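Here is the structure we will look at, set down as structure tokens.
The values are calculated or read from the model by the stated rules, or taken from the named source; none is laboratory data. Everything numeric in this text was worked out from a predicted model, so none of it was measured. Cβ atoms come from the backbone with ideal geometry, glycine included; neighbour counts cover every protein chain shown.
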Amino acid sequence: MDTKEVLIRAKKWLIVNKVYLLGLLVPISLLFVYDSVGNFQSPSSSKQKQLPQGVAAMKVSKKAEYKWGFDLNQYDVASGTIQKNEFLSNILERYDVPYENVHQLSINAKDIFSVSKLRAGYQYHILTNKECGNKVMVYEPSVYKFVTYELDGNIGVDVYEKDIVLDTVTSSGIIESSLWNAMVDNGMDFELAAKMEDALAWSVDFHHIQKEDRFRLIYEQEYIDGKKAGIGKIIGAYYKNYGNEYYAIRYKNEKHDGFYDENGRTMEKVFLKAPLKYSRISSRYNKRRFHPVLKRVKPHLGTDYAAPYGTPIYAVGNGVVTKASRTRGNGNYVKIKHDKIYSTQYLHMQKFAKGIRPGIQVKQGQVIGYVGSTGLATGPHVCFRFWKNNKQVDHLRLNFPPPEPLPKEDLTKFFEVRDIIKKDLDAIPYQRVEKEGVELALNN
Ligand SMILES: [Zn+2]
């Protein structure tokens, strides 16, 4: 998931409801259990490990103390923060780096990590070799990587990924009114909310979560340099909504990798619940609806989702575009044929997404256009129409056959994994953490 998507999702959580949060425990037992089952990456494994070349060959007299791949006993380290309107040459001048070297560096680094990417407010470190006086500048553009600029001799740049240590942790929460606020107040990452939603999106409608809804999560917490970094994979998720309980169990082997329900059926469905996010249903399928523009009763054979102009509209399932055109009533619209039985149609678009035209294949979740009010529309919305055997039907009332469970040969193993994860999920206590710091432990 890219940052933009995470931000968009975070926004949504803002407008949803309020949760009082989220205990954080580290059940040591988990570390063994998932390993012994054999389907999970070891929680403490490193994603990547790379050190600058030549490090191993260094002679170590004192006990080596490595950082960024250098033994700090052999270097003098000076650190500073890049100021506004400060150029690399300004900084390096202070450390007596000749201007020719800076110039050479800017050329050699151009295609790898250009010196123009250095940002004000970020720290830099100048390492000076105690023996030969050669200098290296270290810069950390994000928690995940660091950059070394060789300032003498072999002038150039290298970019390194940092070691990521994964720990298996849990959290839980009870919705009070706003999930997002509570997560932020308690130092939790919205990335966790987004990933929980990924695991459960086909089962739980996160637009309509309620007070007293509750969830439990087992997931990987990333650590870099001993500090919390991002969220890794969700291992198990539980959500209780309108009295219904949902489990998402992560299962991975050579052929399958994804979230499955308790019966080993994939959580992914053939059709998404709605063709856009963060929307409100402004008019449901209704055979006797009074049309706001035509001022007469006219059946409304679709579902209207109101959303701001330009909101992306997604294909709800895989298929082939059969129409991408314009009529007076529909405005700009797209129709997609999913299989012999089902088609979907999306009306009143501001414009089509790039490349959307009849004959092209689209994937579930792919952006096909943007919300507008072209055609007969009073405001920005998408009129979503669902066709079954060439008749328009109310997709909110359709019951699709459940997906097939995992094949028999995988199912036994899956059930072993499921039982362990489910037991651990069920054992996570709920906590309400009030803003003032008053903590109320609750049973179920
Ligand atoms: Zn409509």
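Taken together, 293, 321, 297 contain a single residue that is surrounded by 14 or more Cβ atoms within 10 Å (Cβ to Cβ) and of a type in the set (A, V, I, L, M, F, W, C), which is 321. For the residues 244, 286, the requirement of being within 16 Å of the ligand (Cβ to nearest atom) and of a type outside the set (A, V, I, L, M, F, W, C) singles out 286. For segment 192-219, filtered to residues that are modelled with pLDDT of 80 or more and assigned to a loop (DSSP other than H, G, I, E, B), the residue that is nearest to the chain's Cα centre (by Cα) is 213.
Note on segment 264-283: among residues that are in a strand (DSSP E or B) and within 13 Å of the ligand (Cβ to nearest atom), the one that is nearest to the chain's Cα centre (by Cα) is 281. Look at segment 410-432: where a residue is under 22 Å from residue 254 (Cβ atoms) and a partner is among the acidic types (Asp, Glu), sitting 6+ places away or on another chain with Cβ atoms under 8 Å, you get 418/262. Listed by first and then second residue, the pairs with beta-carbon distance under 7 Å, at least 6 apart or on different chains, first residue in segment 339-351 and over 16 Å from residue 371 (Cβ atoms), second outside any strand (DSSP E or B) and away from the ligand (no atom under 16 Å from the Cβ), are 341/389. If you go through segment 243-263 and keep only what is in a loop (DSSP other than H, G, I, E, B) and either assigned by TED's automatic domain parsing to the domain that holds residue 342 or of a type outside the set (Gly, Ala, Ser) (or both), you end up with 253, 254, 255, 256, 261, 262, 263. Taken as a whole, segment 273-291 holds no residue that is more than 30 Å from residue 328 (Cα to Cα) and in contact (Cβ under 8 Å) with a residue 40 or more places away in the chain.
Pairing residues of segment 105-123 that are surrounded by 11 or more Cβ atoms within 10 Å (Cβ to Cβ) with residues that are assigned to a helix (DSSP H, G or I) and not hydrophobic (A, V, I, L, M, F, W, C), at Cβ distances under 6 Å and at least 6 apart in sequence or on separate chains, gives 115/106.
Could you grab me the full set of residues in segment 147-179 that are of a type in the set (Phe, Trp, Tyr) and surrounded by 21 or more Cβ atoms within 10 Å (Cβ to Cβ)?
Taking segment 147-179 and keeping what is of a type in the set (Phe, Trp, Tyr), we get 149, 160.
Matches in segment 147-179: 149 only.
Set side by side, the residues 152, 96 differ, and just one is in a loop (DSSP other than H, G, I, E, B) and at positive phi, which is 96.
Considering segment 358-385, the residues that are within 12 Å of the ligand (Cβ to nearest atom) and part of a strand (DSSP E or B) include one that is farthest from residue 337 (Cα to Cα), namely 381.
Within the bounds of segment 387-397, is there any residue that is in a loop (DSSP other than H, G, I, E, B), within 16 Å of the ligand (Cβ to nearest atom) and of a type in the set (Asp, Glu)?
Step one: list which residues in segment 387-397 are in a loop (DSSP other than H, G, I, E, B), which gives 389-390, 394.
From what is left, the residues that are within 16 Å of the ligand (Cβ to nearest atom) are 394.
Add one more test, that the residue is of a type in the set (Asp, Glu), and what stays is 394.
Yes, some residue in segment 387-397 is in a loop (DSSP other than H, G, I, E, B), within 16 Å of the ligand (Cβ to nearest atom) and of a type in the set (Asp, Glu).
Taken over segment 299-355, the residue count meeting the criterion of being within 16 Å of the ligand (Cβ to nearest atom) and part of a loop (DSSP other than H, G, I, E, B) is 9.
In segment 224-232, the condition of being part of a loop (DSSP other than H, G, I, E, B) and either basic (Lys, Arg) or away from the ligand (no atom under 16 Å from the Cβ) (or both) is met by at least one residue. Sort out which residues of segment 335-368 are surrounded by 13 or more Cβ atoms within 10 Å (Cβ to Cβ), closer than 17 Å to residue 391 by Cα and not basic (Lys, Arg), and write them in order of number. Passing the criteria: 336, 338, 342, 343, 344, 345, 346, 347.
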